[in-house]
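Read through the structure below, which is laid out as structure tokens, and then see the notes.
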Amino acid sequence: MHSDAQWSRRRFLRAAAVGFPLLLPARVALGQGPGSPSARIVTGHIGLGPAGRAHLQARRGNVGAVCDVDTNRLYEGAALAGPGTEVFPDYRRILDRKDVDAIVIATPDHWHASMAIEAIEAGKDVYIEAPASRSLGEGLRLARTARYFGAVVQAGPGAVALERPTGPEVTAWGAANPAGGDPRTTADPPEGLDWPAWVGPLRPRPYHPDALHGGDRWMMDLGGGQIRQQGAALFAIALHAWGMAQPESIEVYAEGLPQRGGLWDCPRELRATISFPGQPQVIRWTQAADTSACGMRLHGPADMEIHQQDGRLMLEDGTPLATDAALDMWLSAIRTRTLHRDDFDRAILAASLGTLSNLSYRLGRKLTWRPATGRFLDDAIADRFIEDLG
């Protein structure tokens, strides 16, 4: 559990990282760290669910420490990481360790950006599962912090290069958000779970079993639904194909079918049009009850279709796009100090497009977001949701 003083210190550090000069970590300032091809990179792993355990197995023998707020997952993960792995219920103990070079974050989505920011401030390079950020504000802070500290940060499998020329229009689709969760249910957290630590940077809330281990994905202020899960991966591909990382403004209009009660409040169906004023590119997103998979069509000189198969994104000829070597790509970038800044900015932008669509649906009107100013165009009400859709 975090005290008010600890949280105040975190807020100060984040503000300082994006607005005031700070001393750079010695590793960054002096060009030290795992910078040679032969250097061994020791990783610390935070979040030991299915994705986190897969990363542990890939790094077995090179893991310095692991963390999870659920002690059952914590010790299961430690066994996968190998003998002698240190275990910590508090992620800050890993960030304090000088023998850990880089951090792998596979927590629930609402922890991704804030935890990555703290890790970067501690002098670590960072790999986070997509989506890179939950709110618009934390996405901006994460991008600025990574740039300021010169950290090598990757979100998800990284950029995907498409061989064919791509036109300015993309149509994308995803499955409907499921209904579920009984808001009247009350229960105590299961033994071994530190619920306040799981909630972390969010406003305090009572424990609810339907918000845990995947249920959070279907709540607007947590996972944000399919458009931020499936959509973020698809949007990142389109943005990379267009070479777009930092547009001046983004215009979004979304409408959808609300849930009929239940804890999960992401709309059952959602349609969104995303455009970039002054530029020809446009994304049209649809999720509906009669769709069971996700995919997209990039319209151009030769249309290209990408679809999901067995949890992986594939071209229509079966060629996989999402690589299983994501961690290897990130580790290679650490060794060479290759920042791929545009790729990371695109990952944040892809997550933000889903957040903007959800907010447009919620407010029932078109929104124009200006990333450079961190504000909406002439919309003080929308500005209230920059940090939280809850």
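Computed from the coordinates by the stated procedures, all read-outs in this text should not be read as laboratory data. Not measured: the values here are computed from a predicted model. Note that we place each Cβ from the backbone using ideal geometry, even for glycine, and neighbour counts take in every protein chain shown.
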Simple spin-label model, 7 Å along Cα-to-Cβ: A372 to A39 in nm?
3.5 nm
Quick check: from the Cα gyration tensor, does region 69-196 come out rounded (a/c under 1.5), prolate or oblate?
oblate
Comparing A272, A289, A238 in a Gaussian network model of the chain (Cα, 10 Å), the one with the largest mean-square fluctuation is A289
At R0 = 25 Å, FRET efficiency that the Cβ-Cβ distance of L257 and D182 yields, to 0.05
0.80
In region 144-216, the GluC sites (Glu not before Pro) that fall in loop regions by DSSP, at most 12 other Cβ within 10 Å
E163, E191
How much length is gained if the chain between A380 and D99 is pulled fully straight, taking 0.36 nm per residue apart and subtracting their Cα-Cα distance, in nm to one decimal?
96.6 nm
By average Cβ neighbour count within 10 Å, what is the ranking of 41-51, 93-103 from highest down?
41-51, 93-103
Take peptides 67-73, 368-374 and line them up by average Cβ neighbours within 10 Å, highest first, as a rough protection proxy.
67-73, 368-374
Under unit Cβ charges (Lys, Arg +1; Asp, Glu -1), what dipole magnitude, rounded to 20 debye, does the chain have relative to its Cα centre?
900 debye
Just from its helices, what would the mean residue ellipticity at 222 nm be for the chain, if runs of 4 or more DSSP H residues each count -39500 (n - 2.57) and the sum is divided by every residue, rounded to the nearest 500 deg cm²/dmol?
-10000 deg cm²/dmol
How about region 233-323: which trypsin sites (Lys or Arg not before Pro) there are in a DSSP loop, with at most 12 other Cβ atoms within 10 Å of their Cβ?
R260
Using C-alpha positions alone, give me the convex hull volume of the chain per residue in cubic angstrom.
142 Å³
